1. Of the residues that make up the stretch 188-202, is at least one assigned to a strand (DSSP E or B) and either β-branched (Val, Ile, Thr) or within 16 Å of ligand 2 (Cβ to nearest atom) (or both)?
2. Do you know which of the residues in the stretch 164-180 that are within 16 Å of ligand 2 (Cβ to nearest atom) and out of contact with any strand residue (DSSP E or B) (no Cβ under 8 Å at 6 or more places or on another chain) is farthest from residue 125 (Cα to Cα)?
3. I'm trying to understand the selection: among the residues of the stretch 18-38, which are under 22 Å from the mean Cα position of the chain (by Cα) and either exposed (fewer than 15 other Cβ atoms within 10 Å of the Cβ) or not in a loop (DSSP other than H, G, I, E, B) (or both)?
4. Out of the residues in the stretch 110-163 meeting the condition of being open to solvent by less than 40 Å² (accessible area, probe 1.4 Å) and hydroxyl-bearing (Ser, Thr, Tyr), tell me which one is nearest to ligand 2 (Cβ to nearest atom).
5. List the pairs whose first member sits in the stretch 263-288 and is closer than 11 Å to residue 311 by Cα, whose second member is part of a loop (DSSP other than H, G, I, E, B), and whose Cβ atoms are under 6 Å apart, counting only residues at least 6 apart or on separate chains?
6. Picking from 59, 10, 107, which residue would you name as being at pLDDT below 95, assigned by TED's automatic domain parsing to the domain that holds residue 192 and open to solvent by 50 Å² or more (accessible area, probe 1.4 Å)?
7. Identify all residues within the stretch 47-67 that are without any contact (Cβ under 8 Å) to a residue 60 or more places away in the chain and in contact with a helix residue (DSSP H, G or I) (Cβ under 8 Å, 6 or more places away or on another chain); write none if there are none.
Amino acid sequence: MVETELLKADMEGIERAAKFLQNGGLVGIPTETVYGLAANALDGKAVAKIFAAKGRPMDNPLIVHISDFSQIYHLVATVPESAKKLAKAFWPGPLTMILPKADCIPDEVSAGLPTVAIRFPSHPAAQQLITAAGLPLAAPSANLSGKPSPTTAEHVMHDLSGKIEAVIDGGPCKVGVESTVITLASNPPRLLRPGGITLEQLRSVLGEVEMDDAVLHPLKEGVRASSPGMKYKHYSPKANVIILDGNDEQYRNYVNSHIAPGVMALCYDEDCAGLKSPYLCYGAETDMSQMAHHLFDALREVDLLDAKTVYARCPAPKGVGLAVYNRLMRAAGFEVLHL
Ligand code: TXA
Ligand code: MG
């Protein structure tokens, strides 16, 4: 048990966090997507502590964060044209690229795979910290494994206080869902996890991009996951989340005829006026970015409110809506009621 320090995202806080990282410690860091739990990516022992703190299965590889494009050359075996084009269009930002790894990447980071995931985040505090530490930082989302990803420093403290050296408070995360993950180690490139950079945007730069089956569907029994993270139950509050697939009137009618203690609605802003159950709104029906921004906070909030059953509305799987759909489907264990 350590006393976890809550640091400001100023020079002093960043310097202190950099020291912890250089000494093999763990620090919760803000990024534009979600908070990450960082360690020195080149130190297998430090990285192993991340898995222990989160309760994360060891076969789930981590993303390595950099603060300048040139750093990628030390971490991967080759940098293809496709990576340069994507970096030019979307870095720094919420995009992770998977490439064949360099020898310096410890097995703890790549979980024994021949590839490594690289991201250049746009959050200034994340960039300053990577630069101050002088190290690439391995960082998964800073939640307990299986729980919704943290989008505030308070969420990180809630899950990991006492288990890590420090958290830098860089305010609430802008995007709110984890980065888009694309593998460039297959031909054509394949989208493994949707996020703030959309499939449409990736295709506009690269041409053909496939979408992995696991983005929209539960993994079939016996099928190997391209991205190990996708096989685990994820983003789940304690409450049972059920997605209701129907129009606004069908949604309202269903919820209003299933009122019971512990029933709660997770709905669009437009729905709440007609609901007779307690509710949480997570954004306007037409604004997917707003939904992405609020989703994980709402999923944590339903636990704080002690909800038992959550009836959720889910956007169409297009644009940033694909990322919201992907996370909410996993939170619901793919349980959808067609109205
Ligand atoms: O926005 C984000 O990506 C955040 C912030 C902190 O940067 N990080 C994050 O990390 O979401 P994590 O560990 O929660 O998710 C990483 C995902 C997992 O699904 C993992 O399986 C996949 O990326 N991944 C990592 N390395 C991979 C590899 N070499 N091949 C395939 N999938 C990989
Ligand atoms: Mg995660």
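The values are calculated or read from the model by the stated rules, or taken from the named source; none is laboratory data. Because the structure is a prediction, the values reported are computed rather than measured. Note that we place each Cβ from the backbone using ideal geometry, even for glycine, and neighbour counts take in every protein chain shown. Protein only, heavy atoms only, side chains kept; ligands, DNA and RNA dropped before computing areas. Shrake-Rupley method; radii C 1.70, N 1.55, O 1.52, S 1.80 Å.
1. Taking every residue of the stretch 188-202 in turn, at least one turns out to be assigned to a strand (DSSP E or B) and either β-branched (Val, Ile, Thr) or within 16 Å of ligand 2 (Cβ to nearest atom) (or both).
2. Here the residue is 177.
3. 21, 27, 28, 29, 36, 37, 38
4. Checked the stretch 110-163; the qualifying residue nearest to ligand 2 (Cβ to nearest atom) is 141.
5. Listed pairs, sorted by first residue: 263/277; 264/278; 264/307; 265/275; 265/277; 267/313; 277/259.
6. Going through 59, 10, 107 in turn, the sole match is 59.
7. Correct list: 51, 58.
Yes/no matrix, rows are residues, columns are (1) within 20 Å of the chain's Cα centre (by Cα); (2) at pLDDT 95 or above; (3) within 11 Å of ligand 1 (Cβ to nearest atom); (4) assigned by TED's automatic domain parsing to the domain that holds residue 110:
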position	(1), (2), (3), (4)
190	yes, yes, yes, yes
196	yes, yes, yes, yes
208	no, yes, no, yes
211	yes, yes, no, yes
